[in-house]
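Right, one structure below, let's go through it.
The values are calculated or read from the model by the stated rules, or taken from the named source; none is laboratory data. In this text, all values refer to a predicted model and were calculated from it rather than measured experimentally. As a convention, Cβ positions derive from the backbone with ideal geometry for all residues, glycine included, and neighbour counts pool all protein chains shown. All accessible areas refer to the heavy atoms of the entire protein, side chains included, with ligands and DNA or RNA removed. Shrake-Rupley method; radii C 1.70, N 1.55, O 1.52, S 1.80 Å.
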Amino acid sequence: MFKNFIKTAIRNITSSKFYSLLNILGLSIGLIAFVFIFIYIRDELSYDKHHAKHERIHRLESQFTISNKADQWAIVPIPMAPALQLEYPEVESYVRFQNTGNTLYRHGEKEYYEEDFYYTDSTVFQVFTHHMLMGNPDKALTEPNAIVLTQSTAKKYFGGENPMGNIITNADNRQYKVTGVIEDLPGNTHLKYDGLISAMTLAAEHGEEEFNSMEPVRFWNIGVYSYVLLKENAGMQSIHDKFQGFYDKYMKSIGDQINASFTLMSSPLADTHFSGNLSSDRPTGNKTYVYIFSAVALFILLLAAINYMNMATARSLKRSKEVGIRKVSGAYRGQLIGQFLSESVILTVISFIIALGVVYLLMPDFNNLSGKEIPEAILTNPVLLIQLFLIAVIIGLVAGSYPAFYLSSFNPAKVLKGTTSGGRAGGRLRRVLVVFQFWVATMMVIGTLIVSNQLDYLQSKDLGFDKKNQVVLELQDSAFRAKQATLIDELKQSSYIENATNTTGVPGRTNWTQVVRVEKEGKMIDDLMVMCFVDYNFQDVYDLELAQGRYFDKSMGTDQQEAVIINETAAKMYGWHDEALGKKIHHGFGEDMDGGRILKVIGVVKDYHFKSLHNKMQPLMIALSEYPNYLVTAKVKDGKIPQALDYIETKWNSFGAKRPFDYRILEESLHEMYDGEQKIAVIFRVAAGISLIIALIGLLGLSSFVAEQKTKEIGIRKVVGASVQNVLQLLYKEFALLIVIGLTLAVPLAWWGMGSWLERNFIYHIDIHWLNFLIAGFVALIIGLLAISYHTIKAATGNMVDAIKYE
Amino acid sequence: MIHVKEISKVFRTDEVETTALDKISLEIKEGEFIAVMGPSGCGKSTLLNILGLLDNPSGGELHFVDKEVSRYSERQRAGLRKHNIGFIFQNFNLIDELTVFDNVALPLVYQGIGKAKRKKMVDEALRRVNMQHRSKHYPLQLSGGQQQRVAVARAVVSNPKLILADEPTGNLDSQHGEDVMNLLTELNQQGTTLVMVTHSESDASYAQRIVKLFDGAVVGENINQPKVA
């Protein structure tokens, strides 16, 4: 019987090629989108689960509250993890990671910048699971100046040489001996490293006592990524519950002095990828996007299944006779259901195989788009394949279920006499399904438009400073940095460069935040301010506007020591408003509140976006720097960037920089801050395209059946005097109405959904414009009408003599 | 009224060429009731389609009220048809999704007749076939005989000069068939020209003249003493 099902199914599939192709096309496209999203979500949810003990590993996080303002960080004070182990029996072990900063390393002729090298405790290989290719995991990081590299990093420096015992040297001529090589970390790792240097190195540099000190003051310096491994059956909650005692013992004395408090937070290792907006965190995933993509995947799959249902029931006219004959010949209803389900499952499985092939071919593009590193080989993972295959079969069953039950219910006597016209009920359902498809497709189009608009807005919004033609250099080694003033003078001499400035931060990368004391109602109170130390050229280079007062002036001798400029937000927050000039800010004081400088406000700069538009405006202070700073911005004349870069490179080399010439174009790095949104925009675009294509395929198939079903009606109408135009109007009107209902339903949900996306993710965002809905509706309507035109026009211009005989 | 001169109709498919009508000539006078008879496949329906301007002949001339129309375009034929000809079919050809009223009103809609006038005309047509009480029903809620009466109402609603009926009683039992024939005869007596294709000797006996077709050619004509309704 089963063999007969399959044989008949295949015969049916091959005998109506047009509809089978449409079905396979629709299902394949749906499954391609689904498989990609499935793999994406699976990867997102699998972060760090490859560590055997991941369920017992927790990352420590901090919340510092200063003057009632809380800041959350992905890092904790350096002695936190060892102190917790000391105090709490739940903690079995810990590992800390401290980034070495973007540093140049070399071996022989080969030199590379490394951003992902960390100082690490020797316990790293006991807590985390790494496959050690060379070296002894228990001893590799126990000595100072030992380094363990990942396989590809080792290969980069040493090529065919045996890395073990070999040396790499950093820009400050410190030498590290390779004591181990581990396998590269998989893509779904939150904290990625290419090299691990023993923490003992730091201990040797700073003195062991200093390094291991648990003095209260050491707890008030934000420090390092720290992970604790808990004992079996122990939980973090008990540590959080008892933490007050810990705080009192180690931190309270200083906290009380500076009017601050500290709360320990933590995330299970597998959740750190979704830990949200903590300062100093590695790039995290976004659970909202996981939900959005899951919904998109389900919708697309549903659209594809609906297409199948639509076409299958629409074909009932053709199939009803077959059902009648089979029933008359003795088929049970169950057998007919089996028959129809076999067909849908076979079609889905064929589509699934096609989809897998396409997914394999498109994997590099997908990785590129999603920022993932998923190997094509994942498609040979048997667990994944079985999961996907089962889902495909379920889709086949779902898609086939309605047609199967519907078609098999036909009364044989009626269908053989030809008095069942193929089901009015089926027609009603088909209309609902078309409405649903256009509802989804229109929402996707609206989403695409709004995401793109928001992205345009982010990238083109006036940020309050001049972002054009700015070249940013990093002066990494201190010898080079010391010569910054001369460098700037020489840059200014170039006919391609208008001006240059030396600062601690550039817009988009101004993060340095410190506790200061500000004058408020006659008292000095603590607050956090973002700071930027600059030179006399800063305002001119970035074309900043002043709301009050003046900019720093070389002729005013006191500016260097006493002057500060704040932004409008600060003036507002401290209640100074229009009378900010002359107000005092105390900054740079030590732990005992002594020292530092008391600065007077000489100007208020109009708010400019010194951070990405995800952040709301914060109070900012700008002061003249006492030291040479890390960043140089050269304001280049319009259209002269290539010439200016040649000039800067010559200067860079003549100053004896220890690193190869490197620079950033400010405008590009500002755009990179919105990479996440860019990806969402592309994904929305692709999903909208897919939904529209599926809806289009559905309409194409459906219109052919409707035209077929209406052949007789069209004939009758023409006989009694309808023109081709009359008939076209009639047919278009029917579909257009369904599409318009779909559009109408899409508007409120899309409005609400996109509205809350904007609200939740952006401090600065566009207002949703009704034009978006109009455009989306228009696009969907045009595409829908195009899809039905072929069969509709054919039917309207067909021969009515044949039509009226149609039975 | 209609002058058919040596009309032929040839159907071609990829492999076969079939001559459905072979140089037929025929004269239909205004007010006549003609029955066309013959075995299946003799070309009766093809002739009716050509007379009804649903189809063009392959050769010969067709004069419809003094106009030579055999080379008319579809558009021209449609224009002529909707004002002059009503159709009645064996399978009724009502639109299932429309009510009785709307089915009957269809020709008027396409003639662009206003709503109020349309209602009057439809009511009058339904009254003539005694179906006004069913005007809100759908075709599938009616018996075959009732459906055919609705079809007749649709055919007469715009007062056409000519009504063409293709086996109007073929799907009906004898009682309902007789009803419909009486209705047609009545229309004819009121002045409508009637051409009816039929298999049934009994139906044909209502006509004034019987034209016999065989293999696409006229093989005999009888003047009939029609049954009186």
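A plus B alone minus the pair: what accessible area, both sides summed, probe 1.4 Å, in Å² to 100? Could the numbers behind the result be given before it?
Numbers: alone 36500 and 11330 Å², together 45980 Å².
Using a 1.4 Å probe on protein heavy atoms, the buried area is about 1800 Å².
Mind giving me the FRET efficiency for A:Asp466 and A:Ile775? R0 is 30 Å, r the Cβ-Cβ distance, nearest 0.05 is fine.
Numbers: r = 33 Å, r/R0 = 1.11.
For A:Asp466 and A:Ile775, the calculated efficiency is 0.35.
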What is region A:734-805 by shape, rounded, prolate or oblate, if you read a ≥ b ≥ c off the alpha carbon gyration tensor as root eigenvalues and call it rounded for a/c under 1.5, prolate for a/b larger than b/c, and oblate otherwise? prolate
List the aspartates and glutamates whose Cα sits under 15 Å from the Cα of B:Lys119, skipping any in the same chain fewer than 8 residues away. B:Asp102
Got a number for carbon plus sulfur as a percent of chain A's accessible area, 1.4 Å probe? 56 percent
Compute the helix-to-body angle for A:316-328: its Cα long axis versus the longest principal axis of chain A, expressed 0 to 90° and rounded to tens. 60 degrees
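Express the accessible area of region A:59-207 per residue in Å², computed with a 1.4 Å probe while the remaining protein chains stay in the model.
Working: 5970 Å² over 149 residues.
I get 40 Å² per residue for region A:59-207.
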Where only protein heavy atoms count, and the probe is 1.4 Å, what is the accessible area per residue for region B:167-229 in Å²? 48 Å²
If a/c stays under 1.5 just call it rounded; otherwise compare a/b with b/c (prolate if a/b is bigger, oblate if not). Do that for region A:149-241, with a ≥ b ≥ c from the square roots of the Cα gyration tensor eigenvalues. oblate
For helix A:333-370, report the angle its Cα long axis makes with the longest principal axis of the Cα atoms of chain A; keep it between 0 and 90° and round to the nearest 10°. 30 degrees
List the residues of region B:72-90 whose accessible area drops by at least 30 Å² when all protein chains are present, compared with their chain alone, using a 1.4 Å probe and counting only protein heavy atoms. B:Glu74, B:Arg81, B:Lys82, B:Phe89
Cubic angstrom per residue, convex hull over Cα atoms of region B:1-152: 153 Å³
As a test of the formula, what do you get for chain A when each DSSP H run with n ≥ 4 contributes -39,500 (n - 2.57) and the sum is divided by the residue count, at 222 nm and rounded to the nearest 500 deg cm²/dmol? -16500 deg cm²/dmol
Prolate/oblate/rounded label for region A:40-92 (Cα gyration tensor, a/c 1.5): oblate
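Return the inverse of the average 1/r over all pairs of distinct C-alpha atoms in region A:692-770, which is the Kirkwood hydrodynamic radius, in Å to one decimal. Don't jump to the answer; show the numbers that get you there.
Values: mean 1/r = 0.0631 Å⁻¹.
Hydrodynamic radius (Kirkwood, Cα pairs) of region A:692-770 is 15.9 Å.
Where does chain B land at 222 nm, in deg cm²/dmol rounded to the nearest 500, when only DSSP H runs of n ≥ 4 count, each adding -39500 (n - 2.57), divided by all residues? Present the calculation step by step, with values, prior to reporting the outcome.
On the way: 7 runs with 77 residues, N = 229.
One gets -10000 deg cm²/dmol as the mean residue ellipticity at 222 nm.
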Where Cα atoms sit under 23 Å apart: lysine pairs in region A:53-209 separated by 8 or more or lying on different chains: 14
Which FRET efficiency, nearest 0.05, do B:Lys117 and B:Gln141 yield, Cβ-Cβ r, R0 22 Å? 0.20
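Using only atoms on other chains, find how many Cβ atoms lie within 10 Å of each Cβ of peptide B:92-101 and report the average.
On the way: counts 1, 10, 3, 7, 4, 5, 3, 0, 0, 0.
Mean inter-chain Cβ contacts per residue within 10 Å come to 3.
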Name the lysines eligible as straight-distance cross-link partners of A:Lys321: C-alpha to C-alpha under 26 Å, and not fewer than 8 places from it in the same chain. A:Lys3, A:Lys7, A:Lys17, A:Lys414, A:Lys417, A:Lys710, A:Lys712, A:Lys794, A:Lys805
Listing of region A:714-745 residues, each with accessible area lower by at least 40 Å² in the full protein assembly than in the chain alone (probe 1.4 Å): A:Ile716, A:Arg717, A:Val719, A:Val720, A:Gly721
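Within the protein assembly as shown, what percent of beta bridges assigned by DSSP are antiparallel, to the nearest 5?
Numbers: 98 of 135 bridges.
Antiparallel: roughly 75 percent of the beta bridges in the protein assembly as shown.
Do any trypsin sites (Lys or Arg not before Pro) in region A:39-136 lie in a DSSP loop with no more than 15 other beta carbon atoms within 10 Å, and if so, which? Walk me through the numbers before you get to the answer.
On the way: sites: A:Arg42, A:Lys49, A:Lys53, A:Arg56, A:Arg59, A:Lys69, A:Arg96, A:Arg106, A:Lys110; in loops: A:Lys49, A:Lys53.
In loop regions of region A:39-136 (DSSP not H, G, I, E or B), the sparsely surrounded trypsin sites (Lys or Arg not before Pro) are A:Lys49.
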Taking 25 °C and 0.890 mPa s as the conditions, I'd like the Stokes-Einstein D for region B:94-185 in µm²/s, using the Kirkwood hydrodynamic radius from alpha carbon pairs. 186 µm²/s
So how far, in whole Å, is the C-alpha centre of region A:631-646 from the one of region A:102-128? 33 Å
Sparsely packed trypsin sites (Lys or Arg not before Pro) within region A:516-612, loop by DSSP, other Cβ within 10 Å at most 15: A:Arg550, A:Lys554, A:Lys606
Quick one: which residues, 5 or more positions from B:Ala165 or on another chain, have an amide H under 5 Å from its amide H? H modelled 1.01 Å from N in the peptide plane, none for Pro or chain starts. B:Ile88, B:Val195, B:Met196, B:Val197
Helix A:382-407: angle to the longest alpha-carbon principal axis of chain A, degrees 0 to 90, nearest 10? 30 degrees
